[in-house]
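Read the structure below first, then the notes.
Read-outs: derived from the displayed coordinates by stated rules, not from any lab. Note that the structure is a prediction, hence the values are computed from the model and not measured. All Cβ positions, glycine included, derive from the backbone under ideal geometry; neighbour counts span all protein chains shown.
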Amino acid sequence: MGGGFRVLHLVRPFLSFLPEVQTADRKVPFREKVIYTVISLFIFLVCSQLPLYGIHSTTGADPFYWMRVILASNRGTVMELGITPIVTSGLVMQLLAGSKIIEVDNNVREDRALLNGAQKLLGILIAVGEAVAYVLSGMYGSVGQLGVGNAILIIVQLFFAGIIVICLDELLQKGYGLGFRVVLPVRSKNARGQQGSYPIKLFYTSNMPIILQSALVSNLYFISQLLHRKYSGNFIVNLLGKWKESEYGGGHSIPVGGIAYYITAPSSLADMAANPFHALFYLVFMLSACALFSKTWIEVSGSSARDVAKQLKEQQMVMPGHRESNLQKELNRYIPTAAAFGGMCIGALTVLADFMGAIGSGTGILLAVTIIYQYFETFEKERASELGFFGF
């Protein structure tokens with residue numbers, strides 16, 4: 001690591017104040033992982049039902065109505081912000097690191113710690129920023145009605161809820177719970193006969209494209225509604241999105257113009273027939289965004305052909321019938337294609353569910369199915385690896 005000043009060094013003074021879960025110093029048995037995961041889920045669900053203290057009303061427009069299922073948030077509760085802060089901060093930091101705007105050496109322990117700290121710090125700042133925006137925009141009643149004391153109390157509650165989500169996420173990521181992982185392939189150069197496999201799945205990036213697309217759209221909705229409420233006559237604001245109260249009530253607004261309208265799924269088949277350009281634009285946007293985010297994600301998350309080739313070389317693994325120097329080139333034939341095409345398929349499935357009028361949103365249904373399937377795969381792998389110790 002170079003000795004000069006870098007942007008990540010700005011995080012150092014805050015590391016001692018940030019919440020942290022210690023990495024497991026032993027292999028956590030599968031049964032304990034299940035218990036930790038269930039406890040984490042229980043805490044999250046309790047917070048999702050715990051009403052915010054001090055609010056006067058939750059009947060105002062809800063900027064996140066369309067994304068509640070995806071962002072795991074619940075209106076008027078402690079989990080008002082859901083996973084928005086950690087998803088947004090993770091997306092921003094990964095993109096900054098992947099595009100080399102900030103310099104990160106993943107082989108250096110301090111760099112990894114600083115990046116993780118920066119992500120948590122940004123997540124906390126986003127949580128505080130969104131909490132302040134919610135209060136000032138009148139989502140819980142005007143500040144005059146709430147009073148300064150209640151307004152500050154609501155912000156503090158949402159702040160600590162953000163801390164809880166960050167800690168629960170880190171608990172699962174540090175090896176205590178059942179998280180997600182990527183399995184790698186092949187044959188050892190040193191141990192003759194030792195072989196493995198490296199399945200490059202069609203859905204190489206799993207549900208990440210739709211999560212990133214949802215994070216982008218939800219933040220655009222949030223900003224657009226806040227601006228439209230204050231500056232509805234401004235041309236730029238209307239270009240970003242025009243909103244009106246839903247005729248069905250429920251305290252939420254629907255987009256009726258601008259970019260926000262065109263990136264929202266048509267409400268029905270009749271709406272598609274009446275506005276074919278809207279349906280076509282939404283289809284193209286979803287396919288393009290998911291493919292782009294999928295290709296971008298493999299570059300910033302350490303699962304690109306270059307990263308995989310490097311990992312295999314470090315493990316003294318090669319592909320039979322190919323030179324070691326051609327490993328990256330060979331992987332490049334499959335990984336980017338699988339990522340982009342898989343992302344497009346994820347987008348297409350989401351659009352199909354939206355167009356067919358599935359209960360809930362297509363994105364929410366797709367996320368539920370892919371996450372359940374990934375946990376099923378993880379469950380089977382963990383059970384198989386520990387079958388010698390106990391049955392489950």
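Tabulated values for the structure
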{"item": "By average C-beta atoms within 10 angstrom, highest first, the peptides 280-289, 14-23", "result": "280-289, 14-23"}
{"item": "In sequence order, calculated HN-Hα J values of segment 262-276 (Karplus, 6.51, -1.76, 1.60; Hz; x Gly/Pro)", "result": "6, 9, 9, 4, x, 6, 6, 5, 5, 5, 4, 5, 6, 10, x"}
